[in-house]
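Structure record follows, encoded as structure tokens.
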Amino acid sequence: MSFSANTDAPVAVIGAGPHGLAAVAHLRSAGIPTIAFGKTLEFWRETMPAGMLLRSPRRASSISSPGDGLSLDHWGQDRHCEIAENLPLEHFVDYGDWYAQRAVGDLDTRVVQAIERRNGHFQLELSGGDSVTAARVVVAAGLRPFSRIPSPFRELPESLVSHASECAPLDSFAGKSVAVIGSGQSALEGAALLLEAGASQVEVIARAQAIYWLNHGWLGVEDRELLPPPAKAQSGPSSWRARHGLYWHGAPTDVGGRFTSWVGAAPDLIRHFPRRLRTPLTYHCIRPAGAQWLPDRLRGAKLTLARSVVGANTDGEQLRLRLDDGSECLVDHVLLGTGYDIDVRSYPFIGPQLGSQLKVKQGYPMLGRGLESSVPGLHFVGAPAAESFGPVMRFVVGTAYTAPALTQYLQGRRTPLFRWAF
């Protein structure tokens, strides 16, 4: 594969989160001229709440690099910092800065406002009026435009309702009552952080009949305590499985269960799965769940399961919520831990003309080898690649697949038929 000599940047990478950083590092290491747009871990730095811990464990939180020496362990050694099993947000952000300085170098912080395809190349319009031409574009722009806002909350003021990805500093809710909507990690951790920030009352409201705690199992609506029951004694695995950690721990990605994690760690395999198999696999890997270190921190929260909010109205400076069983509650604020609805055509830089050329399924781009979309030369990495390559694309550990696969494809090298995502 060769690039046109008259382009300003043969490859343009939009986004500097984990997948964007890994893509730039691998491409430049392979000698492919690349220009990178974004601010290092901007989404993590500017929207995630202080005090947050990464749900992914230490072994699954390193950003893929083209050589040795850029793992979390190396960062810890360089910073003389002890690395916790679940990394605090501020440590991960510092790790991202450290990684970018060593593996990426310069980042263009101008905003890509529009992309147009012209004569087989891409024209990128930038803030400030400048533009660049690229032979290929890699979109690593993350989840920011896709926050899911349930219908009862869409017309309410931001002072009363916020999504977990755009939340104000949680200490601003000290002395206030907050309803948290959802049963996944962002909702449950948000509730814990609210309690620790001094909120007067925190109520978790979720449609789920039970909360799933990672490594512990289900907590049903009939339970009165948030702590999961003690783990049951289990017979030991075979010696071979025990030695290799296969039975107890699953794949090193830590995405999914003991079996599903191994399937989910094989994106090349998942890409060929029919949808009827891929959908349940994805659910079992990324169903709403809380980390095992959360239950103790949630003892002061009220838990309302198997209920939905069907109406929300302002009542003075508060919100009155109406649930599907007819009950009501009055709160000072609602925090939505309701996830994301991905539709890549909603990225502000993808206009109607380019969007109409994209083959999508429920908003996800349909991707082939090298994570290339139906628009030749336009690639997507990170969460938007999950429909084609599986749930591990949503996590940092997925960079171990996306960056090498993208780079080898752009080099024109014959890519392996199978590659693990770790």
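The values are calculated or read from the model by the stated rules, or taken from the named source; none is laboratory data. Here the structure is a predicted model, which means the values were calculated and not measured. Glycine gets a Cβ as well: all are built from the backbone with ideal geometry, and neighbour counts include every protein chain shown.
Which members of region 148-184 meet the condition of being touching a strand residue (DSSP E or B) at 6+ places or on another chain (Cβ under 6 Å) and β-branched (Val, Ile, Thr)? Matches in region 148-184: Val161, Val178, Val180, Ile181. In a residue-by-residue description of region 90-101, the property of being part of a strand (DSSP E or B) and either in contact with a helix residue (DSSP H, G or I) (Cβ under 6 Å, 6 or more places away or on another chain) or without any contact (Cβ under 8 Å) to a residue 60 or more places away in the chain (or both) applies to no position.
Kindly evaluate Ala103 against the criterion of being among the hydrophobic types (A, V, I, L, M, F, W, C) and in contact with a strand residue (DSSP E or B) (Cβ under 6 Å, 6 or more places away or on another chain).
Numbers: among the hydrophobic types (A, V, I, L, M, F, W, C): yes; in contact with a strand residue (DSSP E or B) (Cβ under 6 Å, 6 or more places away or on another chain): no.
Here the answer is no, as Ala103 does not meet what is asked.
Within region 314-325, not a single residue is surrounded by fewer than 15 Cβ atoms within 10 Å (Cβ to Cβ), of a type in the set (Val, Ile, Thr) and free of Cβ contacts under 8 Å to residues at least 12 places away in the same chain.
Residue by residue, here is whether (1) exposed (fewer than 15 other Cβ atoms within 10 Å of the Cβ); (2) within 30 Å of Arg299 (Cβ to Cβ) holds:
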position	(1), (2)
Asp106	yes, no
Gln113	no, no
Leu126	no, no
Asp130	yes, no
Ala141	no, no
Ser159	yes, yes
Gly182	no, yes
Ser186	no, yes
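Evaluation of Pro145 against the conditions (1) closer than 24 Å to Glu317 by Cβ; (2) assigned to a helix (DSSP H, G or I) shows that the sole unmet condition is (1). Selection of region 102-129 for residues being assigned to a helix (DSSP H, G or I) and in contact with a helix residue (DSSP H, G or I) (Cβ under 6 Å, 6 or more places away or on another chain) yields only Ala103.
One line per residue, one yes/no per condition, for (1) at pLDDT 95 or above; (2) part of a strand (DSSP E or B); (3) among the small types (Gly, Ala, Ser); (4) over 20 Å from Ala134 (Cβ atoms):
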{"position": "Val310", "(1), (2), (3), (4)": "yes, yes, no, yes"}
{"position": "Thr314", "(1), (2), (3), (4)": "yes, yes, no, yes"}
{"position": "Arg322", "(1), (2), (3), (4)": "yes, yes, no, yes"}
{"position": "Gly326", "(1), (2), (3), (4)": "yes, no, yes, yes"}
{"position": "Leu330", "(1), (2), (3), (4)": "yes, yes, no, yes"}
{"position": "Val334", "(1), (2), (3), (4)": "yes, yes, no, yes"}
{"position": "Thr338", "(1), (2), (3), (4)": "yes, no, no, yes"}
{"position": "Gly355", "(1), (2), (3), (4)": "yes, no, yes, no"}
{"position": "Leu367", "(1), (2), (3), (4)": "yes, no, no, no"}
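In the set His19, His26, only one residue is under 13 Å from the mean Cα position of the chain (by Cα), closer than 27 Å to Tyr409 by Cβ and at pLDDT 95 or above; that residue is His19. The listed residues are Glu189, Glu116, and the only one of them that is over 26 Å from Ala206 (Cα atoms) and at pLDDT 95 or above turns out to be Glu116.
Across region 171-216, the number of residues qualifying as in a loop (DSSP other than H, G, I, E, B), within 19 Å of Ser159 (Cα to Cα) and not hydrophobic (A, V, I, L, M, F, W, C) comes to 4. Only residues that are in contact with a strand residue (DSSP E or B) (Cβ under 7 Å, 6 or more places away or on another chain) and among the aliphatic types (A, V, I, L, M) were counted in region 281-295, giving 1. Filtered by the rule that a residue be surrounded by fewer than 17 Cβ atoms within 10 Å (Cβ to Cβ) and either assigned to a loop (DSSP other than H, G, I, E, B) or not assigned by TED's automatic domain parsing to the domain that holds Pro365 (or both), region 344-353 gives Pro348, Gly351.
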